Every structure is written in C-alpha cells, then in structure tokens.
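Everything below concerns the one structure shown next.
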Amino acid sequence: MVAMAPPEGEEETSEAYYVIKTAQEKEELQRLGDELDSKVRKAEKEIKALENTCRLMNSHNEAYRKSFNKVSGNSSEYQQKVELEEQLRAVTEKHRFKRRQERELTEDIQTMQRTLSTLNQTDSFSKELLQDKKQQVAALQNEIQEQTMKLARVEKQNDKYARELRSAKKTKGETLEEKDFEVRDLRELYKNATKILGEIMCQQPEITETVNLYFSQAGLPLPLIPTDSTSSRPTSRDSSVRSATSTSSVRSSLSGASIKSPTTVTLDITNSPTGSARGSMSKRSSASSGRSHGSARSSLSKQ
C-alpha cells in the first residue's frame, strides 16, 4: 500500500502547533489550579470564621441557659442584684422627692405671682386713692382757710354788735340775748354730739352699753343709733367740715375719759337755760360757735 507523502514543510508545522497547544493547555490548567487553590484557601478561612462564630454563639447560648438557673443567695450575682435593687429604690425615692419638691415650688411661685399681682393692683389703687385724698385735703385746706377768714370777720362783727347792744342797753356784762344765743349754741352742740356718739356706737357696738350707762347716770336721753336707711348724710361741703370738726372735738373729749369702768360723769347741763350750762360742754368747736353766734347776732342787729 502506498501513501502519499505530506507536502514539504507541513510535518514540521504540525509538531510546533501541538507543542504550543500543549503549553497553552498547561498554562490554562495552571491558572485554573491557582484560582481553585485561592477559592479553597478562602473557603478554609470562612470555615474557620464560622467555627469561631459558632463557638461564640454556643458560649452565649450556654451563658443564657445558665441565666435561667436558680441563683443561690450566697452567689455574687445575687448580691449584685440586691445592691442594684437598693440603688434603684433609692434613686426612685429621690426622684419622687425632687418631683414633689418641684411641684411645691411651682405652686409657691404661682401663689407668689398671684399675690404680687394683687399687691400691684392694691398699690395702684392705694396710689390713686392717696392722690384723690391729697386733692381732697388740699381743697379742704383751702376751704378751711376761707372759713377761717370768714370766721375772723364774723367775730369782729359779733364783737362790734355786742358792744353796740351793750351800749344800747347800758350794761357791761353779757345780755340776755347773748346768753340765749349761747344756750341755743350749746343745745345745737349737744344735739350734734349725741348724733356723732350714735354714729360711733353704730360703728363700735361694744361701747353702747357703757355710753348708755353714762347718759343714764347723768339723767340725759340716750343717743339714737342711726340705721342704714335713716342715717344722715351731709348735703354740702360745709356740713361735712362741720361734722368732721364736731367729731374730732367729741372724740377728743371722750378720749380724756376712761370708759373701762362705769363712773359718774357730770355733763353740767341743767334744765335752766341761763344756769351752769356753760360747763364742760363749753369746749366746743370755735368754727361752729362762731358761725352760730355770728348768724344769730347778725340777725339780731338787723332787727
């Protein structure tokens, strides 16, 4: 059998091809072996890490399982638990105390704020009232000054009319008309005094019994205590000034006498209009006396 020979140079090319191909396969297998080796080493490391994690989880699970076991009273864990409970109880009590103290302080602050607001309102009202009273006092002082000047003029006129009357009757002492005026003035003063006493007794009922005893011992009618419906009210500024003057004179007279023990008080007011009616009641207000004498004597002189 005869075979044809390959072309010249083709046999040598085939051997080189196989050598190269074998080298390439060897290199590919080497690369693949390296990759597998790296994967194996990586897998070994992961297995070791998983084993460590498993051991850690087992230890935690064992500790957790042991935590469910009954703790003895002598163990350190039990003692630590008792100490922690005591600390918790102390902290809780302290917290409650602080909360209660905070609530009390808040209430105190609110109360003080309300008190401060009330005091501010009271202070504002007091300032307004003081300013009003100052204006009233200034007006009353001006009126008192005017009344004083009028009183001085009236007293001069009274002295002049008294001299003329005494000269007409050719007498040096007081005339019957002057004594009659004085008796009328005393009666008016007594009326005003009993009226003021009644108002004071209405404001201070505890002195009613003592005042009535004094009036009964002196044989005088008891002062009437005014009520809300029948209490007299001043209708003009002049009457208010006269009432204030009479009140101050009566109160000054009462302040000199002791009302603690019942004693006999003589007011020196008799039935005789020309008797000794000018006793202790002659200490009356000069303003009211001057006005009443001036008006009476002026009317007499005009007649």
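The values are calculated or read from the model by the stated rules, or taken from the named source; none is laboratory data. Everything numeric in this text was worked out from a predicted model, so none of it was measured. Glycine also receives a Cβ, built like all others from the backbone with ideal geometry; neighbour counts cover every protein chain displayed. Calculation scope for accessible area: heavy atoms of the full protein, side chains included, ligands and nucleic acids excluded. Shrake-Rupley method; radii C 1.70, N 1.55, O 1.52, S 1.80 Å.
Condition test on T245, is it open to solvent by less than 70 Å² (accessible area, probe 1.4 Å), of a type in the set (S, T, Y), within 38 Å of the chain's Cα centre (by Cα) and modelled with pLDDT of 75 or more?
Considered against the rule, which asks whether it is open to solvent by less than 70 Å² (accessible area, probe 1.4 Å), of a type in the set (S, T, Y), within 38 Å of the chain's Cα centre (by Cα) and modelled with pLDDT of 75 or more, T245 comes out as no.
Are there any pairs with C-beta distances below 8 angstrom linking a residue in the stretch 97-126 that is polar (S, T, N, Q) to a residue that is open to solvent by less than 100 Å² (accessible area, probe 1.4 Å) and assigned to a helix (DSSP H, G or I), with the two at least 6 apart or on different chains, and if so which?
That search, which allows pairs on different chains as well, returns nothing.
Among the residues of the stretch 160-172, is there at least one that is outside any helix (DSSP H, G or I), under 32 Å from the mean Cα position of the chain (by Cα) and free of Cβ contacts under 8 Å to residues at least 40 places away in the same chain?
No, there is no match, as no residue in the stretch 160-172 is outside any helix (DSSP H, G or I), under 32 Å from the mean Cα position of the chain (by Cα) and free of Cβ contacts under 8 Å to residues at least 40 places away in the same chain.
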